[in-house]
Amino acid sequence: MKKYDVRRCRIIRRRQLSNNIFDFTAEAGELAEKAVPGQFAQVAVPGKTLRRPISICEANRQNQTLRFVFGVRGEGTAALSKFHGGDFLDILAPLGNGFSLGDISRRALFVGGGIGVPPLLWAAKPFGKSSMLAAGFRTRSSIILKDDFESSGCKVLIATDDGSYGHHGLVTDLLGNLEFDAVFACGPLPMLRAVRLMASERGVPCQLSLEERMACGIGACLGCAVKLHHEDGTPYYGRVCRDGPVFDSRMLDKNF
């Protein structure tokens, strides 16, 4: 059985979460059954040659649906945002390697920045009350999915750049006094570097989901190369789309 496939998926729910953040749920058949937390899809855009990579926010295997929460970042995602309920998305999924959740009785810390928050929701849910989310946003109006995390039992801490909600400052400012056994993070590179350093200093396992520009999404074009290290320290180049987007933080080069 192929790990991924192409399918026309009918949108059954569409919401606008903020000025430029959209939330789609689509019928996805066997694609939903194959997906794991942290994977992504390549979604076709009318009039564009290249598909757009969109993280999978959640999959419901019983209902065979996939949920996508994405931000408008250019012409492609702007075109996707114009789709409505009943329209069909042309999806190549599920792609990449997701999070390895391990023991879900552990105290799990999830750290997200902006549109890096949606890929963490499905991963956090199995941990229930053993999970915490530290999330950073630009301003109060850009906060997304807070209620979704809290409804699963997750404790949520928020930082905003302008101080309009929660902590005024960086999301990493929130981490100093927290107790946790594992870290899962997705967001801007400076945030990921800070999270990796913190996890390393505490000796806590850490998985990072990298956000990277992609073309093919299946590892053929080499457009999303990232420098990695084998366990013996030997460097090599992997591909975010195929070898990631989730990596054990110890695999990543110090200058990733």
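Normalised by residue number, the volume inside the convex hull of the Cα atoms of the chain is 130 Å³ per residue.
Spacing of the modelled spin labels on D103 and K254, each 7 Å from Cα toward Cβ, amounts to 3.1 nm. Of the trypsin sites (Lys or Arg not before Pro) found in region 146-214, those in coil by DSSP whose Cβ has at most 10 other Cβ atoms within 10 Å are R213. Taking the charge dipole of region 99-211 about its Cα centre, with +1 at Lys and Arg Cβ atoms and -1 at Asp and Glu Cβ atoms, the residue from T172, S142, F127 reaching farthest to the positive side is F127.
To the nearest 20 Debye, how big is the dipole of region 99-211 about its Cα centre, given +1 on the beta carbon of each Lys and Arg and -1 on that of each Asp and Glu? Provide the component values of the computation, followed by the final result.
On the way: 11 positive and 11 negative charges, 23 e Å.
About 120 debye.
Estimated from helical segments only, the mean residue ellipticity of the chain at 222 nm is -4500 deg cm²/dmol, where each DSSP H run of four or more residues counts as -39500 (n - 2.57).
Restrict the search to region 14-107; then list the trypsin sites (Lys or Arg not before Pro) that DSSP places in a loop and that have at most 16 other Cβ atoms within 10 Å of their Cβ. Can you show the working numbers first?
Values: sites: R14, R15, K34, K48, R51, R61, R67, R73, K82, R106, R107; in loops: K48, R51, R61, R73, K82, R106, R107.
Sparse-neighbourhood loop trypsin sites (Lys or Arg not before Pro): K48, R61, R73, K82, R106, R107.
Listed by chain and number, the lysines whose C-alpha is less than 23 Å from the C-alpha of K3, apart from same-chain residues fewer than 8 away, are K34. Checking Cβ-Cβ separations below 4.7 Å across the chain identifies C9, C57, C154, C186, C206, C224, C241 as cysteines lacking any candidate disulfide partner.
Positive contributions from Lys and Arg (+1) and negative ones from Asp and Glu (-1), summed over other residues with Cβ under 9 Å from the Cβ of Q64, come out at -2.
Taking Lys and Arg as +1 and Asp and Glu as -1, the other residues whose beta-carbon sits under 10 Å from that of A26 total +4.
For region 5-95, the square roots of the Cα gyration tensor eigenvalues, ordered a ≥ b ≥ c, give a/c of at least 1.5 with a/b greater than b/c, which places it in the prolate category. As an exercise, use a Förster radius of 51 Å and the Cβ-Cβ distance of D162 and A225 to find the FRET efficiency, rounded to the nearest 0.05. After rounding to 0.05, the efficiency reads 0.90.
Within straight-line reach of K48, meaning a Cα separation under 16 Å, sit the following lysines at least 8 residues removed in sequence or on another chain: K82. Straight-line cross-link reach from K227 at under 16 Å between alpha-carbon atoms covers these aspartates and glutamates, not counting any fewer than eight positions away in the same chain: E211, E212, D243, D248, D253.
Every number in this text was worked out from the coordinates using simple rules, so none of it is lab data. Note that this is a predicted model, so its numbers are computed, not measured. No Cβ is skipped: glycine too gets one built from the backbone with ideal geometry, and neighbour counts run over all protein chains shown.
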